[in-house]
């Protein structure tokens, strides 16, 4: 095999493939996290007014066994009880975010509680078909870095592989 072929084609394509696979792994991890969190779309939900009537932090412990021993992960869930009215019927809920329970560090959970003080009036999103299904927020804030990294790495990996293949044919055509 010609050394130029290895330098101009094989090495860059392998590098591009590794970057592409890393991006795909990020996207799979993001997809599983969303599925595990019970990601619920609230785009078609209605909004009404609600009032915060109680709030506290709930602590959750999870035991994890690995080669180094047993570890206990401590996470927190902000529990915010609120009341809201839909079609002259009062509902109660404590779902801050739609979907399954979402756990945070103590600091992050406390910040969520601080944003929703007692007796505060605020918008409540509810499902039109089932007004008992509601939430105060769409989903936890912040950028979904795992998804962004996955898209960037996958795109860059494909770009490297395509560009390398294209340039190899040009360069190798000159040396024949």
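Every number here is computed from the coordinates shown, using simple stated rules; none is lab data. From a predicted model like this one, the values you see are computed outputs, not experimental measurements. Cβ: placed from backbone, ideal geometry, glycine included. Neighbour counts: every protein chain shown.
What order do you get for 62-75, 84-97 when each peptide is scored by the mean count of other beta carbon atoms within 10 Å, highest first? Display every interim value, and only then the final one.
Details: 62-75: 8.8, 84-97: 15.3.
Most protected by this proxy first, the peptides run 84-97, 62-75.
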Alpha carbon centroid spacing (whole Å) that separates the range 80-107 from the range 150-166: 43 Å
Kindly provide the helix-only [θ] at 222 nm of the chain, computed as the sum of -39,500 (n - 2.57) over DSSP H runs of four or more divided by all residues, to the nearest 500 deg cm²/dmol? -13500 deg cm²/dmol
State the label only: which of [x] 1, 7, 12, 12, 12, 11, 9, 7, 7, 6, 5, 4, 3, 2, 1, 0, 0; [y] 1, 8, 14, 17, 16, 13, 10, 8, 6, 4, 2, 1, 0; [z] 1, 7, 8, 9, 9, 8, 6, 6, 6, 7, 7, 7, 8, 6, 4, 1, 0 corresponds to P(r) over Cα pairs in 5 Å bins from 0, in percent computed from the shown model? [x]
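How would 51, 107 line up from fewest to most surrounding beta-carbon atoms within 10 angstrom? Show your work: numbers first, answer last.
Details: 51 15, 107 8.
Lowest count first: 107, 51.
Run the numbers on the chain and let me know its relative contact order in percent, using alpha-carbon pairs under 8 Å that are six or more apart.
Values: 277 pairs, mean separation 60.3, N = 176.
About 34 percent, as a whole number.
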Least to most buried among 13, 124, by other C-beta atoms within 10 Å and fewest first, runs 13, 124
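For 164, 48, which order do you get if you count the other beta carbons within 10 Å of each Cβ and list the fewest first?
Working: 164 19, 48 15.
Listed from fewest to most nearby Cβ atoms, that is 48, 164.
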